[in-house]
Amino acid sequence: MTPREIIAKAWTITKSERQVRRWGYVSAVLETLLNLKLLIYQVWFLISYIEGNPIGFFTVEATLMEHVPFGFFITFIVVLIIAIIIEWLFPNMAKGAIIGLAAKAHTKEEVKGGLVLAVYNFFPIFAIHEIFFLGRFTTVITLISLLLRYAGGLAPVGIGMLLLFYVLSLVLGFFCIFGEEAIVISRDEDNKKLSIGQALKASFKLVISYLGHVVFLLLLSFVILLRVFLNLIMAILIPGIAIGISFLFTLFLPHIVAWSIGGVLAVILIGAASYFFAYLTVFKQTIWTLTYMELSKLKELDLIELECTSRNGNASAEQVTA
């Protein structure tokens, strides 16, 4: 399949397979919620840092504890921790389901078994995801804010090293881009799932072998950057719209009613934005999945076929690994 055919097939699967989109939607909702939490916290820190009095790591919690009953505070913190853990872990489960279901749709198999694919592939996908954790923009921003708070005069040096590791993680992550697809789809000679090391090795070899597809990969990168850019814009707009309307309603409504309306509006906006992000998430992942499946069908470039003569004089083909 050509790159254009892969993109067209990926979009067809994205539009037609509801099972795949459901996993993408839940993943998008949780990622949006996590990004909103990080954004609100980092914006508060940035404003306080500019004013010359940067907030501490637990300032948000300390401020909340001063203004609400203790029982409500404990309940809120427990719920918040559980929510963050779910928002952090679930997208890795969803990715296994999306990859597996998209692969089944591509091979004309029945598109079912998402939960099995999600659970069975969770740990290796999570491990690969965390190996390149420094390649995530949100992680880098969080670590930079910690350095600015607590590193003092060493902060510039630490930030410089962090940005260096960020670039290095992006480069290594590029060559291991098919690692998750290899975990879900491929099997070794004994028909067992590939280990994490085998999956990363297979991805590295595939990218090196077909580096000529760089134009196609750049197109995929554009899709990823488009999603990140839209995610960032929506993450900024959602709380801004909700808070702005809440303040407007406080002019002629009781505060509790105004903020309740703002909360409901925020939920609606998050749901609408996540619906759009679900299509982008599934589309992007399906492109990578189909690309991996199609490239894996091609002959490995380090294998050389030699014509040799057997003892009985018959010609036979032999594969030699370079």
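The values are calculated or read from the model by the stated rules, or taken from the named source; none is laboratory data. As the structure is a computational prediction, the values presented were derived from the model and not from experiment. Backbone-built Cβ (ideal geometry, glycine too); neighbour counts: all protein chains shown. The protein model used for the area step is the full one, side chains on, heavy atoms only, and it has no ligands, DNA or RNA in it. Shrake-Rupley method; radii C 1.70, N 1.55, O 1.52, S 1.80 Å.
Search segment 13-41 for residues being out of contact with any Phe, Trp or Tyr (no Cβ under 9 Å at 6 or more places or on another chain) and within 18 Å of Val79 (Cβ to Cβ), and hand back the single one that is most open to solvent (accessible area, probe 1.4 Å).
The selected residue is Ile40.
Could you list, in sequence order, the residues of segment 147-167 that are loosely packed, with under 15 Cβ neighbours inside 10 Å and either touching a residue at least 24 places away in the same chain (Cβ under 8 Å) or more than 18 Å from the chain's Cα centre (by Cα) (or both)? Spell out how you get there, then give the answer.
Going residue by residue through segment 147-167, those that are loosely packed, with under 15 Cβ neighbours inside 10 Å are 150-154, 156-157, 160-161, 163-165, 167.
Selection gives Tyr150, Ala151, Gly152, Gly153, Leu154, Pro156, Val157, Gly160, Met161, Leu163, Leu164, Phe165.
Name the single residue, out of those in segment 205-219 being closer than 16 Å to Glu180 by Cβ and buried (at least 17 other Cβ atoms within 10 Å of the Cβ), that is modelled with the lowest pLDDT.
Leu217
Given the structure, is Ile13 at pLDDT 80 or above, part of a helix (DSSP H, G or I), under 30 Å from Ile98 (Cα atoms) and not hydroxyl-bearing (Ser, Thr, Tyr)?
yes
Residues of segment 175-201 being under 15 Å from Lys297 (Cα atoms), touching a residue at least 60 places away in the same chain (Cβ under 8 Å) and out of contact with any Leu (no Cβ under 6 Å at 6 or more places or on another chain), which ones?
Glu181, Ile185
Can you say whether Glu110 is charged (D, E, K, R), open to solvent by 30 Å² or more (accessible area, probe 1.4 Å) and either part of a helix (DSSP H, G or I) or touching a Ser or Thr at 6+ places or on another chain (Cβ under 8 Å) (or both), as far as the supplied structure shows?
It is false that Glu110 is charged (D, E, K, R), open to solvent by 30 Å² or more (accessible area, probe 1.4 Å) and either part of a helix (DSSP H, G or I) or touching a Ser or Thr at 6+ places or on another chain (Cβ under 8 Å) (or both).
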